[in-house]
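So the structure is just underneath, and the comments pick up after that.
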Amino acid sequence: MDRLRPPRPDLEDLVPYDAKDIDAEVYLHANENPSDLPGEVLDKISERIRSVGFNRYPDPLANDLRALIAEANGLEAGNVLVGNGGDELIFDLLLAWGGPGRTMLDLPPTFTMYAIDAKVTGTQVVSIPRRAGFSVDEEAVLDRVGEGDIDVVVVSHPNNPTGTLTPETFLIDLLRATDALVLVDEAYFEFSRHTMRPHMERHPNLVILRTFSKAFSLAGLRVGYLLANADVVRELTKVRQPFSVDRFSQMVARMVFRERAAFESQISDLIRQRDVLVDGLSQFDPVTVFPSEANFVLFRVPMASAVWRDLLHEHGVLIRDFSRAEGLEDCLRVTVGLPEQNARFLRAMEEILSARSAADHFGVAATASRHDKGE
Ligand code: PMP
């Protein structure tokens, strides 16, 4: 044959997730921990590297890691599932609870992987946009789940990219109001310090997602986990890829989890630095800053794309441009970095905005707009 049969037509307008992998001097775009693993942990990893057993398949369920996570959360191993990053577990949830003829309730603007995975799994999406200020439209959500046809609800908590934490009282109302699987995505839990874990016993439809990618500096390895009712975990084992978390990642994640207390002071520093970013950005007249409970800060600034480009091209600082996303017009998101990185970002913002206001004053185009013309 000299031709290829077309793929699934319903994927035609699906835009692949774009991780915006661009060269820069300072990376504040992906909500990663700005520091690599502590030296002692790296030393231990190199000591253990010869005993990993690279020729052998991994334990499919990462049982040793599972047991550690279960114990720390006062649960049984059967309540924990480890995945190739939280991303894989979101996909597994939609394979098992979504699919053709089934419906996911999404609360945009939010983490875009929910909608992408829904599309890939043939799950219908019902969206209830967040209100101005990005709080959940609680009444609309409770009314909608009351119709009885929602199979999965996804709540990013705190919400990426807005940083908003949803009130616990509302999440409890939601869990009471529906038998849909409610995914509370706590990817940024270590920064918000709020969890729905105490409500698991009462609500078998609650699933909590966490990751090693943010606070625990392991974005490069891909390890995430979920906490759920044992029946949910059993169901997910039907659809998951059996060997998705490799032996090396399991070994490192175990080590990091055991040493997690060592990350505490760094997490507290990042939370303090988040306030530095919020305060710094609030000083700029044209900027609106949204409060955040995560390790990133969303802000709105006129001509956001031009500011984003100047940050990268004139100052070497990469942040995330959401200005073309629905509900996030003129919004940029900056990840909390090390103090000197945050200071560099704030200095760059000051230069860009003051050059712009001087240009406005003299009636000439702002420097930022040069890039709009492709220069
Ligand atoms: N949930 C949310 C809200 C996220 O922001 C991310 C990472 N961007 C994830 C889940 C997935 O993280 P990972 O796959 O790295 O564990």
Worksheet item: Which residue pairs have Cβ atoms under 8 Å apart, sit 6 or more places apart or on different chains, and have a first residue in the stretch 1-12 that is within 22 Å of Thr123 (Cβ to Cβ) and a second that is of a type in the set (Lys, Arg)?
Response: Asp10/Lys119; Leu11/Lys119
Worksheet item: Only one of these conditions is not met by Ile69: (1) within 16 Å of the ligand (Cβ to nearest atom); (2) open to solvent by less than 30 Å² (accessible area, probe 1.4 Å); (3) without any contact (Cβ under 8 Å) to a residue 24 or more places away in the chain. Which number is it?
Response: (3)
Worksheet item: Can you name the number of the only condition in (1) within 22 Å of Glu264 (Cα to Cα); (2) within 16 Å of the ligand (Cβ to nearest atom); (3) without any contact (Cβ under 8 Å) to a residue 40 or more places away in the chain that Val182 fails?
Response: (1)
Item to complete: Kindly indicate the residue of the stretch 122-147 that is open to solvent by less than 30 Å² (accessible area, probe 1.4 Å) and touching a strand residue (DSSP E or B) at 6+ places or on another chain (Cβ under 9 Å) and also farthest from Val207 (Cα to Cα) among those meeting that condition.
Response: Phe134
Worksheet entry | Residues satisfying the stated conditions in the stretch 103-144, i.e. charged (D, E, K, R) and over 21 Å from Asp330 (Cα atoms) | Asp106, Asp117, Lys119, Asp137, Glu138, Glu139, Asp143, Arg144
Practice prompt. May I ask you to verify whether Val155 is in contact with a strand residue (DSSP E or B) (Cβ under 8 Å, 6 or more places away or on another chain) and within 16 Å of the ligand (Cβ to nearest atom)?
Written response: yes
Worksheet item: Among the residues of the stretch 79-86, is any surrounded by fewer than 16 Cβ atoms within 10 Å (Cβ to Cβ) and farther than 15 Å from Val182 by Cα?
Response: no
Practice prompt. Output the qualifying pairs, or none if there are none: Cβ atoms under 9 angstrom, residues six or more apart or on different chains, first residue in the stretch 215-226 and of a type in the set (D, E, K, R), second residue near the ligand (Cβ under 9 Å from one of its atoms).
Written response: Arg222/Gly83; Arg222/Asn84; Arg222/Gly85; Arg222/Asp87; Arg222/Glu88; Arg222/Phe212; Arg222/Ser213
Item to complete: Would you point out which residue out of Ala132, Ala140, Ala177, Ala230 is at pLDDT below 95, of a type in the set (A, V, I, L, M) and more than 16 Å from the ligand (Cβ to nearest atom)?
Response: Ala132
Discussion item. Can you find a residue that is among the aliphatic types (A, V, I, L, M), touching a residue at least 60 places away in the same chain (Cβ under 8 Å) and in a helix (DSSP H, G or I) anywhere in the stretch 277-298?
Written reply: yes
Response to the item:
For the stretch 77-114 the number of residues that are within 15 Å of the ligand (Cβ to nearest atom), out of contact with any strand residue (DSSP E or B) (no Cβ under 8 Å at 6 or more places or on another chain) and either outside the structural domain of Phe216 (by TED's automatic domain parsing) or of a type in the set (A, V, I, L, M, F, W, C) (or both) is 2
Worksheet item: Under 6 Å by Cβ, and 6 or more places apart or on different chains, what pairs join a residue from the stretch 30-45 that is closer than 23 Å to Thr112 by Cα with one that is of a type in the set (Phe, Trp, Tyr) and open to solvent by less than 40 Å² (accessible area, probe 1.4 Å)?
Response: Asn31/Phe296
Discussion item. Tell me whether the stretch 47-58 contains one or more residues that are within 16 Å of the ligand (Cβ to nearest atom) and in contact (Cβ under 8 Å) with a residue 12 or more places away in the chain.
Written reply: no
Item to complete: Determine whether Ala219 is more than 9 Å from the ligand (Cβ to nearest atom) and of a type in the set (Gly, Ala, Ser).
Response: no
Response to the item:
With the first residue restricted to the stretch 144-155 and required to be under 11 Å from Leu174 (Cα atoms), and the second required to be of a type in the set (Val, Ile, Thr), Cβ contacts under 6 Å at 6 or more apart or on different chains are Val145/Thr178; Val153/Val182; Val155/Thr166; Val155/Val184
Item to complete: Report, by residue number, each residue of the stretch 107-127 that is free of Cβ contacts under 8 Å to residues at least 40 places away in the same chain and of a type in the set (A, V, I, L, M).
Response: Ala115, Ala118, Val125, Val126
Worksheet item: Pick from the stretch 5-45 the residues that are open to solvent by 70 Å² or more (accessible area, probe 1.4 Å) and within 15 Å of the chain's Cα centre (by Cα): which of them is nearest to Ser217 (Cα to Cα)?
Response: Glu32
Discussion item. So if I check each of Ile172, Ile150, which one is within 24 Å of Leu14 (Cβ to Cβ) and either more than 15 Å from the ligand (Cβ to nearest atom) or open to solvent by 50 Å² or more (accessible area, probe 1.4 Å) (or both)?
Written reply: Ile150
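The values are calculated or read from the model by the stated rules, or taken from the named source; none is laboratory data. Being a predicted model, the structure only gives us computed values, none of them experimental. Cβ coordinates were reconstructed from backbone atoms using ideal geometry, including for glycine residues, and neighbour counts include every protein chain displayed. To get the accessible areas, we keep the full protein, side chains included, count just its heavy atoms, and leave off ligands, DNA and RNA. Shrake-Rupley method; radii C 1.70, N 1.55, O 1.52, S 1.80 Å.
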